[in-house]
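See below for the structure under consideration.
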Amino acid sequence: MEDLLTGFRSVSSQSAGRVILGGASAGACLAAAAALQALDIGSAPKGVILAYGFFHSSHLASREIQRRVRDHRRLTHSRLVLNAVNRNYAGTRAALNDRYAFPGGHELDGFPPTLMINAERDAMRASGDRFGAELLSAGADVEQHTLPGTRHAFLNRPRLDTFTRAVDLMAEWSLSG
């Protein structure tokens, strides 16, 4: 996190506060946490782009989403496995409650404008949908998209039409604010 914030501060000092933080999957959680920490020290980013992230220390069971998950992700992105990964990432059970480890479920007042792009067939979408609702409840300006037919990590596949759609959404959103 410190490296991310150091990079953010360095770029911000040269960009007159026009920096957008972003990330996908675990990187989305890191970007959201860095935005919170930057906000807390008085240097919030211009905006945040979050793609198919997970933001809560404990993944929610969603039968509707789980029915849409296919192939190996049905096992590797199961609630049990994702919760174990989160415990490993946090390092201790107490750290699971740290808002800079998992910003979901914590105070989000003042959170910067946010673009959220979720994958329709992604078990992690339950956390993304919930985090989006939490941001809206906190008064954040949030634009949410769930791309039809997509699975987790579609931004790793530049030949997919959904890759292009997501990049276009990011560019349009970035330029509109």
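Of LEU21, LEU30, LEU39, all but one fail to be assigned to a helix (DSSP H, G or I), under 11 Å from the mean Cα position of the chain (by Cα) and farther than 13 Å from ILE117 by Cα; the exception is LEU30. Whenever a residue of segment 121-135 is farther than 15 Å from PRO103 by Cβ, its partners that are crowded, with 24+ Cβ neighbours inside 10 Å, lying with C-beta atoms within less than 6 angstrom and at least six residues away or across chains, give the pairs ASP122/TYR52; ARG125/ASN118.
Identify, from the list ALA166, ALA138, the residue that is touching a residue at least 24 places away in the same chain (Cβ under 8 Å), touching a Leu at 6+ places or on another chain (Cβ under 8 Å) and over 15 Å from ALA28 (Cβ atoms). Lay out the reasoning, then the answer.
On the way: ALA166 fails: over 15 Å from ALA28 (Cβ atoms).
Of the residues listed, the single one that is touching a residue at least 24 places away in the same chain (Cβ under 8 Å), touching a Leu at 6+ places or on another chain (Cβ under 8 Å) and over 15 Å from ALA28 (Cβ atoms) is ALA138.
Read-outs throughout are calculated quantities, based only on the coordinates presented, and are distinct from any laboratory measurement. Computed from a predicted model, the values in this text were never measured in an experiment. Counting neighbours? That spans all protein chains shown, and the Cβs are built from the backbone with ideal geometry, glycine included.
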